[in-house]
Structure formats: structure tokens, C-alpha cells
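Engineer: Before I ask anything, let me first share the structure, which is written out below as C-alpha cells.
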Amino acid sequence: MKLYSYWRSTAAYRVRIALNLKGVDYGIEPVHLLADGGQQHAPDYVALNPIHLVPTLVLSDGTALTQSLAIIDYLDETQPDPPLLPAEPVLRAQVRAAAQITAVDIHPVNNLRVVQHLEKQFSISREDVADWMRHWTGIGFDALQAVVHSDTLFSFGDTPTLADICLVAQYYNARRWGLDLTPYSRLTEIEKNCLALEAFRAAMPENQPDAAPN
Ligand SMILES: N[C@@H](CCC(=O)N[C@@H](CS)C(=O)NCC(=O)O)C(=O)O
């Protein structure tokens, strides 16, 4: 399999973690989101991913899958071990809800194209952009910390789930934009437990082949 990825992309980071947890053999095809006006807008890439975003996972038969959560669902359905969702339906819904706080509520308003639009159309300063990022992430993390379990290794038990995958990737972005993580001691503890696992560590932005100093 081939993953079109950008080292700093939180959505690609989610899929890298899932691929590693599943033990899938895959190669990285870097898509630089800033070089050449954004390689995600190149016609060859848009043919694979019409919404101009990473990640895209290309299967061995050439099928292109898009949307990180859909890709992770696919991986979980085709390679069930280890499962990324609990079997019990209520807990399963809770894990999905926590993942969606991150992937659906926090992430889309903090995306590169949103920032670029704020800067171009509304002349927002870099400092105000950072404030915007911290604002929406903080609201999401308040909610996330309220829903995760308080006495387990990971967000919803002692094995990592989709909720942890989304949390760890978003935590990277929160640090990057300077969010004060002091109020989120439980989330920080979960992140630490996740990053103790090689599958998470190998997926970290700084461990990617396209990682750059900045
Ligand atoms: N809903 C999409 C979001 C993907 C996404 O927003 N990717 C970002 C990087 S984290 C991107 O490609 N941004 C490029 C841009 O905004 O131009 C998913 O989960 O795959």
C-alpha cells in the first residue's frame, strides 16, 4: 500500500498510526502542502483525492481511499486484529464520539486552507491565527477530557482505540500552536501512554521521511 502523506498533517498522522498498529507494510509518498503552491492541488493528486487534502491510501490494486476516518474504518474491517473499536455498542459509540470531537469538531476549522483563507481574505495576523488555533483546540480538548475514562491506560480502556489515534495527532498540532496543556493532565497522560508504543512513535511527524526542520 502507498500512503500519500505530509509529515505535519494530523489527518495523515492518524492513518500512519492505524497502519502501524495493524502491522501493515506501506510506503510513504510525500505531498508537500506548502511547496509549489501546495502539491495537494496538483492535477495528478486531485485525480486521487478530489477534495485536495491528505491523506490518500492507495491499495495494491490501485484503488484510492480518502478521508482518514474512512481509511481507518477500512483497515479495521479488513484487518480486525488488533481492533481499533470496542465490541460493545455503547462503548463503541463513545469511542467514535471522542474521535469525532477531534477529527470533526476541532480539526476542520484549524486546517491549512482555513488559515490561508483567514490570512488572504481577512488579513489576519500570524499571532491572531495562533490564537484562533488555540481557541478551537481548547474548546475541543475541554470536551474530550470530560468524556474519556479517568482510570485506564488509554482513553477508553487498556488498549488503544480510534479515540487515542485522533487525540495523539491533535496533541501534536496543539503543541505546535502553543496551546497551554496544563489543564489537560489526563489527555497528556493518555498521550504519554500512547507514545510509549512503537506504532505511535514511528508515526510521529519527526520520524517521517519528509520531515523538515520547519
Ligand atoms: N477530513 C479529512 C481532512 C484532511 C485534511 O484536512 N488534511 C489536511 C492536513 S491535516 C490537508 O491536506 N490540508 C491541505 C490544505 O488545507 O490545503 C480527513 O480526515 O482525511
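A short reminder: the numbers here are calculations on the coordinates, not readings from a lab. Keep in mind the model is a prediction, meaning the values are calculated, not measured. Using ideal geometry, Cβ is built from the backbone for each residue, glycine included, and neighbour counts are taken over all protein chains shown.
Engineer: Beyond 19 Å, what percent of the Cα pairs of the range 2-82 remain? All intermediate terms of the calculation are to be shown ahead of the outcome.
Structural biologist: Details: 969 of 3240 pairs.
Of all Cα-Cα distances in the range 2-82, 30 percent exceed 19 Å.
Engineer: Counting only DSSP beta bridges with both residues in the chain, tell me the antiparallel percent, nearest 5.
Structural biologist: Values: 7 of 11 bridges.
Within the chain, antiparallel bridges account for around 65 percent of the total.
Engineer: Determine the gain in length on full extension of the stretch Ala87-Leu181; use 0.36 nm per residue of separation and subtract their C-alpha separation, reporting nm with one decimal. Show your work: numbers first, answer last.
Structural biologist: On the way: separation 94, 0.36 × 94 = 33.84 nm, distance 3.15 nm.
The Ala87-Leu181 span can extend by a further 30.7 nm.
Engineer: Considering amide H positions built from the backbone, and no H for Pro or chain starts, which residues 5 or more places from Thr159, or on another chain, come under 5 Å of its amide H?
Structural biologist: The answer is Phe154.
Engineer: Only four residue types carry charge here, +1 at the Cβ of Lys and Arg and -1 at the Cβ of Asp and Glu. Report the dipole size of the range 89-200 about the Cα centre in Debye, rounded to the nearest 20. Write down the numbers at each step before the final one.
Structural biologist: Details: 10 positive and 13 negative charges, 61 e Å.
Here the range 89-200 has a charge dipole of around 300 debye.
Engineer: Suppose every K and R has +1 on its Cβ and every D and E has -1 on its Cβ; what is the size of the dipole of the chain about the Cα centre, in Debye to the nearest 20?
Structural biologist: Numbers: 16 positive and 25 negative charges, 63 e Å.
Result for the chain is approximately 300 debye, rounded to the nearest 20.
Engineer: Could you identify which residue out of Tyr26, Tyr171, Tyr13 has the top mean-square fluctuation in a GNM of the chain using Cα springs shorter than 10 Å?
Structural biologist: Greatest mean-square fluctuation among the candidates belongs to Tyr26.
Engineer: Mind checking the dipole of the range 1-83: about its Cα centre, +1 per Lys or Arg Cβ, -1 per Asp or Glu Cβ, Debye to the nearest 20? Let's see the in-between values first.
Structural biologist: On the way: 5 positive and 9 negative charges, 58 e Å.
So the magnitude is around 280 debye.
Engineer: Using the C-alpha gyration tensor of the range 50-202, what are the square roots of 5 times its eigenvalues, in whole angstrom, with the largest one first?
Structural biologist: Details: eigenvalues 142, 97, 33 Å².
Working from the Cα gyration tensor, I get semi-axes of 27, 22, 13 Å.
Engineer: Set Lys and Arg Cβ to +1 and Asp and Glu Cβ to -1, take the dipole of the chain about its Cα centre, and tell me which of Gln40, Leu65, Ala97 lies farthest positive.
Structural biologist: Gln40
Engineer: Through the Karplus equation 6.51 cos²θ - 1.76 cosθ + 1.60, θ set to phi - 60°, convert the phi angles of the range 139-147 into ³J(HN,Hα) values in whole Hz; use x for Gly and Pro.
Structural biologist: Along the range 139-147, the couplings run 4, x, 5, 4, 5, 4, 5, 6, 9 Hz.
Engineer: Which far-off residues, 5 or more places away or on another chain, put their amide H under 5 Å from the one on Glu29, with H placed in the peptide plane?
Structural biologist: Hits under the 5 Å cutoff: Leu3, Tyr4, Ser5.
Engineer: Also: Can you give the calculated 222 nm mean residue ellipticity of the chain, where each DSSP H run of n ≥ 4 adds -39,500 (n - 2.57) and the sum is split over every residue, rounded to the nearest 500 deg cm²/dmol?
Structural biologist: Numbers: 9 runs with 106 residues, N = 214.
Mean residue ellipticity at 222 nm (helix-derived): -15500 deg cm²/dmol.
Engineer: Right, next: If we sort 134-143, 89-98, 58-67 on the protection proxy, mean other Cβ atoms within 10 Å, highest first, what's the order? Mind dumping the intermediate values first?
Structural biologist: Numbers: 134-143: 17.4, 89-98: 15.7, 58-67: 12.9.
In decreasing order of mean packing, 134-143, 89-98, 58-67 become 134-143, 89-98, 58-67.
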